[in-house]
1. If I filter segment 59-74 for residues that are under 19 Å from residue 268 (Cβ atoms), in contact with a strand residue (DSSP E or B) (Cβ under 7 Å, 6 or more places away or on another chain) and surrounded by fewer than 22 Cβ atoms within 10 Å (Cβ to Cβ), do I get at least one hit?
2. Being in contact with a helix residue (DSSP H, G or I) (Cβ under 7 Å, 6 or more places away or on another chain) and either assigned to a loop (DSSP other than H, G, I, E, B) or at pLDDT below 95 (or both) is the filter here; which residues of segment 205-235 pass it?
3. For segment 181-204, name all the residues that are buried (at least 21 other Cβ atoms within 10 Å of the Cβ) and in a helix (DSSP H, G or I).
4. Are any residues in segment 270-284 surrounded by fewer than 19 Cβ atoms within 10 Å (Cβ to Cβ) and either touching a strand residue (DSSP E or B) at 6+ places or on another chain (Cβ under 8 Å) or farther than 22 Å from residue 189 by Cα (or both), and if so, which ones?
5. Exactly one of these conditions fails for residue 89: (1) at pLDDT below 90; (2) exposed (fewer than 13 other Cβ atoms within 10 Å of the Cβ); (3) in a loop (DSSP other than H, G, I, E, B). Give me its number.
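The values are calculated or read from the model by the stated rules, or taken from the named source; none is laboratory data. Keep in mind that what you see is a predicted model, and the values were worked out from it rather than measured. Counting neighbours? That spans all protein chains shown, and the Cβs are built from the backbone with ideal geometry, glycine included.
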């Protein structure tokens, strides 16, 4: 049986997700709910309807064809004559998007085969060859679709493409182990070392994640692993937090770490999908803060690599 995966974006010319110029394939679904997540459309496994209000015009200008096109009555006009989406009634069928002339409505998350994804990735092969890049699988959490992830990564390797995986590590070890066979570079996230605080920040404890990372250390050469730490003000950016993470990482024999600075670029997406942003008052770290934390990880013999969420 042909395995398909649910993809919500294919981003070309990425330079922060592995060596060289890369194509980043985003898979839908994630077991975590990180408060700072910049891809809220990646969290649920099923397709979702995005509504970009800034592109929408009043019903008087376009006639609001999206309203009668919706078979479930999930789109209605607000008091100002603009469409509003009832998220409880919407099943993301996409009929409204097909009649929207302003591209204000869009369904994210479509089923694709391995061959279909690889055909998109192959379009940028000349950039990989010149820069040492390749394909990176991200999300969401790729291990939520581990069978598809494994087949896609295996096919990319067979096509002589460098492969990278971005993961939060929250999955059964057997799933991660199957995918790792086809991964040249592993980018593994650590959010927080304290299990209770980790649950507050992500909705899950970190026990499975840390156990998996210990297993990774036994099967993957340290030069093929980068530990990524999202640095979120007020959440995990204290010197003690970073010391704890750096000590744990160095103790496992890993050598590379990325301190990934928090940003607010994903905030508008929450409005598009009818979701409240969990950290409304959080702002980027002040100048110099990241340099202070970089010095801490360097004290543990770790090579810090500039990163971006």
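1. Pass one, segment 59-74, residues under 19 Å from residue 268 (Cβ atoms): none.
The answer is no; no qualifying residue exists.
2. Correct list: 205, 206, 220, 235.
3. Selection gives 198, 201, 202.
4. Within segment 270-284, 270, 271, 273, 274, 275, 276, 280, 281, 284 meet the criteria.
5. Exception for residue 89: condition (1).
Residue-wise test of (1) in contact (Cβ under 8 Å) with a residue 12 or more places away in the chain; (2) within 15 Å of the chain's Cα centre (by Cα).
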{"site": "128", "(1), (2)": "yes, no"}
{"site": "133", "(1), (2)": "yes, no"}
{"site": "139", "(1), (2)": "yes, yes"}
{"site": "144", "(1), (2)": "yes, yes"}
{"site": "147", "(1), (2)": "yes, no"}
{"site": "153", "(1), (2)": "yes, no"}
{"site": "160", "(1), (2)": "no, no"}
{"site": "166", "(1), (2)": "yes, yes"}
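Rundown of residues vs (1) at pLDDT 95 or above; (2) closer than 21 Å to residue 43 by Cα, yes/no style:
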| site | (1), (2) |
| --- | --- |
| 256 | yes, no |
| 271 | no, yes |
| 276 | yes, yes |
| 281 | yes, no |
| 286 | no, no |
| 289 | no, no |
| 297 | yes, no |
| 303 | no, no |
| 306 | no, no |
